[in-house]
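**Q** My questions all concern the structure below.
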Amino acid sequence: MMSAVTRFLQCTLRIALPAFALAAMSTPAFASTTQIDLTTHWAGYAAIAIFVLAYLFVVLEEFTHLRKSQPVMLAAGVIWALLAAAVAARGDMELAHHAVREYLLEYAELLLFLLAAMTYVNAMSERRVFDALRAWLLRRDLGYRALFWITGGLAFVLSPLLDNLTTSLVMSAVLLAVGVGNPRFVALGCINIVVAANAGGAFSPFGDITTLMVWQRGLVEFWTFFALLVPSLVNWLVPASLMHFALPSGKPASSDVRISMKRGAKPIMALFVITIVLAVGFHSVLHIPPFLGMMTGLAFLKLYGWWLQRTARHHEQADFAREGSPGDIDAFDSYEQVARAEWDTLLFFFGVIMCVGALGFCGYLALSSQLFYGHLGPTAANVLVGLVSAVLDNIPMMVAVLQMNPTMDTGQWLLVTLTAGVGGSLLSIGSAAGVALMGQARGQYTFFSHLKWSWAIALGYAASIGTHLWLNARYFTT
């Protein structure tokens, strides 16, 4: 089976990688200050080859068990070392130095934003918010088809606030708990969750890294993203409706398990909402980067965590009760929630930004603009971005598009946000949610069980694009 999957990936990569190479280019902010042409230089060719090799390891993460951040971080260092040597040989010792600082600033803003969001999600998980939700669903005594629609609906609703990975893991825990002995239900339910979580994240600035990047660049206003709500809903409902008829009848055994949230869970949820409001206000009203609002909200969480520590009930006398300390009952340590952030994803994002930025530094911006968006046109190019995202993940694809900075109206920026967000659902390896669920439901939800329904997901993909082009025609000015 592994060899079959590997052969499929190799064939797909032969098609997808050339298109992605054309989309790799420089950030608009830095392109205006740095003009250099290494497109026919040995260093430019080496940069492309190293990045393609590194990303091949990322795609094969399931089989190599090599964390996806490791190859791209290594590639970033090697590529920039080669480029620095190349420009130094031309007599400019500082050009690469200034370029790296520009890309680092771009990454730092996203890092701080995502770190605050991940810490809140981890804090709610530690306070058993998601465990309580799972137990509540199990007590409803629902049938397989009802659970299919409820878990998919919750994934669609939660993903705009939580990341699609966390949402998928929470919902898959319900499926695995109720679907014991019914692998068909688990497989279909996992596909449904992946599609719903990816679709739900596409219409919210907080739902996916791709939408977050577009919003932070100021290309689409905060409330304008919600124009993608109906297209995203269509993207999920079309394949879900088709899979509905393949679901088993009956219902799983009921459960009386009850899980109570820990002290402070509801205030932490409220603080998370306040933090989101702060981020939007900082960006829309004060016109300063939204990460500052997120970090301000993180400070609120830490202050509240300090109060939880001071007032925690514990059996031993101490000034502070620390999570996991002897005899503690409900202590909370916000710094441990920071440590539990998905650092592999954050470091992967660093590697991708630095690698794609390096390819742009070589001078592929003009070439990519002409061959990708110039010849194909923005609509065809943006649809292709989503298709390639099914193999190469949406993060590097959106980084590439943003750093190309093609001239597009709001409707086209919304289109590429939609396609990049939901295109990964076409294959199980196309999104973090799909890869994670293959591990969670090993042997039941697989690459090929997802592939059997790729045709239905593709119909949803096409229908969502058509819905956007029709429903949001007012955003297209050209």
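**Q** Residue check: is residue 90 basic (Lys, Arg), open to solvent by 60 Å² or more (accessible area, probe 1.4 Å) and more than 30 Å from residue 304 (Cβ to Cβ)?
**A** Yes, satisfied.
**Q** Here is a follow-up. For the stretch 64-82, how many residues meet the condition of being at pLDDT below 90 and either open to solvent by less than 20 Å² (accessible area, probe 1.4 Å) or in contact with a Ser or Thr (Cβ under 7 Å, 6 or more places away or on another chain) (or both)?
**A** Here the count works out to 2.
**Q** Okay, moving on. Tell me the residue from 333, 344 that is within 27 Å of the chain's Cα centre (by Cα), at pLDDT 80 or above and not small (Gly, Ala, Ser), please.
**A** Every option except 344 fails the conditions.
**Q** Kindly indicate whether any position in the stretch 303-320 is at pLDDT 80 or above, within 30 Å of residue 71 (Cβ to Cβ), out of contact with any strand residue (DSSP E or B) (no Cβ under 7 Å at 6 or more places or on another chain) and assigned to a helix (DSSP H, G or I).
**A** No.
**Q** Also, quick follow-up: If you check residue 386 against the conditions, is it more than 23 Å from the chain's Cα centre (by Cα) and either of a type outside the set (Lys, Arg) or crowded, with 18+ Cβ neighbours inside 10 Å (or both)?
**A** Judged against the criteria, residue 386 is not a match.
**Q** Hey, another quick one. Is there any pair with a first residue in the stretch 214-226 that is farther than 16 Å from residue 468 by Cα and in contact (Cβ under 8 Å) with a residue 12 or more places away in the chain and a second that is open to solvent by 40 Å² or more (accessible area, probe 1.4 Å) and not in a loop (DSSP other than H, G, I, E, B) whose Cβ atoms are under 6 Å apart and which are 6 or more apart or on different chains, and what are they?
**A** Taking only residues 6 or more apart or on different chains, the pairs are 222/284.
The values are calculated or read from the model by the stated rules, or taken from the named source; none is laboratory data. Computed from a predicted structure; not experimentally measured. Cβ: placed from backbone, ideal geometry, glycine included. Neighbour counts: every protein chain shown. Ligands, DNA and RNA are stripped out before the accessible areas are found, and what is left, the full protein with its side chains, is counted by its heavy atoms. Shrake-Rupley method; radii C 1.70, N 1.55, O 1.52, S 1.80 Å.
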